[in-house]
1. Residues that are open to solvent by less than 60 Å² (accessible area, probe 1.4 Å): list the strands (runs of 3 or more DSSP E) wholly contained in segment 28-123 that include at least 1 such residues.
2. Please state which one of PRO112, PRO153 is within 13 Å of the ligand (Cβ to nearest atom) and free of Cβ contacts under 8 Å to residues at least 40 places away in the same chain.
3. Of the conditions (1) crowded, with 19+ Cβ neighbours inside 10 Å; (2) in a loop (DSSP other than H, G, I, E, B), GLY133 clears all except one; give me its number.
4. Can you pull out every residue in segment 172-191 that is away from the ligand (no atom under 12 Å from the Cβ), open to solvent by 70 Å² or more (accessible area, probe 1.4 Å) and over 15 Å from GLY87 (Cα atoms)?
5. Can you find even one residue in segment 171-181 that is outside any loop (DSSP other than H, G, I, E, B) and touching a strand residue (DSSP E or B) at 6+ places or on another chain (Cβ under 9 Å)?
6. Is segment 82-93 home to any residue that is more than 22 Å from ARG197 (Cα to Cα) and within 17 Å of the chain's Cα centre (by Cα)?
7. Mind telling me which of the residues LEU47, LEU94 ends up being over 30 Å from ALA130 (Cα atoms) and of a type in the set (A, V, I, L, M)?
Amino acid sequence: MFRDGYPPSVAAVAKEQSKNPRGRLFVALDLPGDLREGIAAWSREALADPALRPVAPESLHITLAFLGYRPEKEVEAIAAVVGERAGPAPWVELLDPERRPPRGRARLYALPVLSPGAEGLQAGVAQGLAEAGFYEPEERPFWPHVTVARVRPEGRGSRRPAVVEKPPGKLPEGMSEARICRRMTLYRSELQPTGARYVPLAQVKLPG
Ligand code: 3AM
């Protein structure tokens with residue numbers, strides 16, 4: 001039931017939203033610049049299929065915890081928890097691309113990540129955020145990865161992904177060498193028709 005028996009006007013809804021706006025938040029481990037550039041260089045050919053929408057180089061990351069929509073007024077407290085859970089800067093190794101889901105039409109391509117350090121960091125951040133009431137731990141196990149491309153919809157308004165004729169091949173040698181990741185970031189994901197835009201809200205330098 002609406003208060004007073006009337007649905008709220010659009011203006012009233014907009015006013016309410018600006019008083020208590022929500023952001024789609026997630027915490028990620030950022031990749032070092034040279035690794036992002038390496039992925040971008042590889043992707044120019046590997047992700048050239050027109051059905052693919054490659055992730056912009058500046059947006060390449062390893063998601064540690066997806067919080068969903070949270071009131072913007074919580075951002076400071078969430079950033080504080082992320083800061084408290086900053087562990088040693090982890091070493092990461094990238095593996096050859098995998099598709100998800102593994103069968104049927106692919107929706108995305110990602111580089112799986114080998115990194116006990118990133119797994120430890122994720123466990124700490126997820127636990128801290130859950131204890132503070134900002135995060136509901138996922139039932140599925142953590143899958144450390146870098147999403148490199150999403151598959152475009154088959155047509156306008158369709159939820160079905162298009163067919164990818166030329167899936168990405170292996171990574172070149174040298175790209176799988178272990179790299180250290182020294183920064184963790186709290187992002188707001190802004191959904192746009194052309195894909196998501198990730199806005200950094202708080203950054204934590206990782207020691208080591
Ligand atoms: O870029 P990746 O795949 O690492 O997949 C989404 C993206 O991670 C993930 O959060 C990141 C920023 O959007 N994500 C989106 N919705 C999600 C959900 N409901 C989710 N992760 C878990 N549960």
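The values are calculated or read from the model by the stated rules, or taken from the named source; none is laboratory data. Bear in mind the structure is a predicted one, so any value in this text is a computation, not a measurement. Positions of Cβ are generated from backbone atoms using ideal geometry, with glycine treated the same way; all protein chains shown enter the neighbour counts. Remember, those area values only see protein heavy atoms, side chains included, never the ligands or the DNA or RNA. Shrake-Rupley method; radii C 1.70, N 1.55, O 1.52, S 1.80 Å.
1. 52-54, 61-71, 91-94, 108-114
2. Of PRO112, PRO153, the one residue that is within 13 Å of the ligand (Cβ to nearest atom) and free of Cβ contacts under 8 Å to residues at least 40 places away in the same chain is PRO112.
3. The single condition GLY133 does not satisfy is (1).
4. Selection gives GLU173, GLU177.
5. To start, the set of residues in segment 171-181 that are outside any loop (DSSP other than H, G, I, E, B) comprises 179-180.
Now drop any that are not touching a strand residue (DSSP E or B) at 6+ places or on another chain (Cβ under 9 Å), which leaves 179-180.
Checked segment 171-181: at least one residue is outside any loop (DSSP other than H, G, I, E, B) and touching a strand residue (DSSP E or B) at 6+ places or on another chain (Cβ under 9 Å).
6. Yes; the residues of segment 82-93 include at least one that is more than 22 Å from ARG197 (Cα to Cα) and within 17 Å of the chain's Cα centre (by Cα).
7. Working: LEU94 fails: over 30 Å from ALA130 (Cα atoms).
It is LEU47.
Conditions tested, residue by residue: (1) hydrophobic (A, V, I, L, M, F, W, C); (2) away from the ligand (no atom under 15 Å from the Cβ).
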position	(1), (2)
ALA40	yes, yes
ALA48	yes, yes
THR63	no, no
GLY68	no, no
GLY83	no, yes
ALA86	yes, yes
PRO90	no, yes
LEU94	yes, no
GLY104	no, yes
